[in-house]
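Undergrad: Before anything else, here's the structure in question.
The values are calculated or read from the model by the stated rules, or taken from the named source; none is laboratory data. These numbers come from a predicted model, not from an experiment. A quick note on method: Cβ atoms are made from the backbone with ideal geometry, for glycine too, and the neighbour counts reach across all protein chains shown.
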C-alpha cells in the first residue's frame, strides 16, 4: 500500500503543480533555487529535507548560495542575493533602471541556525556555528559562533567554542556603541542564599 501511494504521488505531482500555477495557488517546492545561479547544499538530501523547511526561499538571481553541513533553518527564512538598482545608482553606473547586478554570493557556514522569518541579503558570509535570531535582517558578514539579532542585525554575543567546559569564563557580550545599554555599568553577580 505504501509503495502504491508513493508511486501515485510521483506520477501526479507534476500535474498538481501545473494546476496550482494555473489557479495561482502556492505550493512550496522544497529547497529549490529561484534564479539562474547555483544553490549548493552540503548536506545529504535526507539531512537537507530534515534541516530546511519547504517554505525557505533561496533567491539566486544575483549570486550563488552555499549552505554548510548541519545548518538548520526556521520556517519562512529568506536568503536573497538579488538587488535591483535604483534610478540614481543605475544612472551613476550607466546601467538600465532596475538592473540586477551579479556577484552577490552568500556563504553560510556549517552548524549554523537561521531563525524563522530571518532575511539574509547578500553579499555576505556567515561563519561556522553562528545563530541568526528569528526576524533578523542580516546585511553584513557574521563572525563564527556569533549570535545576531535585530533589524539590521547586530552581534550580541560570541558563543564559546565547542568542547569548552561550562564553568569556563565566556567572553563578554558585544554591545554596539550606539546602544543605550553600552553606557550602563556592568552588574555585579547576585549572591543567592545558600551559595
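Undergrad: Output the residue which, of all residues in segment 71-122 that are more than 22 Å from residue 154 (Cβ to Cβ) and in contact with a helix residue (DSSP H, G or I) (Cβ under 6 Å, 6 or more places away or on another chain), is surrounded by the most Cβ atoms within 10 Å (Cβ to Cβ).
TA: 99
Undergrad: With the structure loaded, tell me whether residue 119 is at pLDDT 85 or above, under 12 Å from the mean Cα position of the chain (by Cα), under 22 Å from residue 146 (Cα atoms) and in the same structural domain as residue 136 (by TED's automatic domain parsing) or whether it fails that test.
TA: Yes, satisfied.
Undergrad: If you go through segment 49-66 one residue at a time, do you hit one that is surrounded by fewer than 11 Cβ atoms within 10 Å (Cβ to Cβ) and either in contact with a strand residue (DSSP E or B) (Cβ under 7 Å, 6 or more places away or on another chain) or modelled with pLDDT under 90 (or both)?
TA: For segment 49-66, residues surrounded by fewer than 11 Cβ atoms within 10 Å (Cβ to Cβ) and either in contact with a strand residue (DSSP E or B) (Cβ under 7 Å, 6 or more places away or on another chain) or modelled with pLDDT under 90 (or both): absent.
Undergrad: For segment 123-137, give me the residue count where each residue is farther than 14 Å from residue 67 by Cβ and either in a strand (DSSP E or B) or in contact with a helix residue (DSSP H, G or I) (Cβ under 7 Å, 6 or more places away or on another chain) (or both).
TA: Going through segment 123-137 one residue at a time, the tally reaches 2.
Undergrad: Pick out the one residue from 189, 173, 185, 180 that is in contact with a strand residue (DSSP E or B) (Cβ under 6 Å, 6 or more places away or on another chain), at pLDDT below 75, at negative phi and not assigned by TED's automatic domain parsing to the domain that holds residue 73.
TA: 173
Undergrad: Based on this model, can you work out whether residue 81 counts as within 14 Å of the chain's Cα centre (by Cα), free of Cβ contacts under 8 Å to residues at least 40 places away in the same chain and over 22 Å from residue 162 (Cβ atoms)?
TA: It is false that residue 81 is within 14 Å of the chain's Cα centre (by Cα), free of Cβ contacts under 8 Å to residues at least 40 places away in the same chain and over 22 Å from residue 162 (Cβ atoms).
Undergrad: Let me ask you something else. Can you tell me which residue among 37, 42, 46 is farther than 21 Å from residue 75 by Cα, modelled with pLDDT of 85 or more and assigned by TED's automatic domain parsing to the domain that holds residue 80?
TA: 37
Undergrad: (1) closer than 30 Å to residue 82 by Cα; (2) modelled with pLDDT under 90: which one isn't true of residue 162, the others all being true?
TA: The number of the failed condition is (1).
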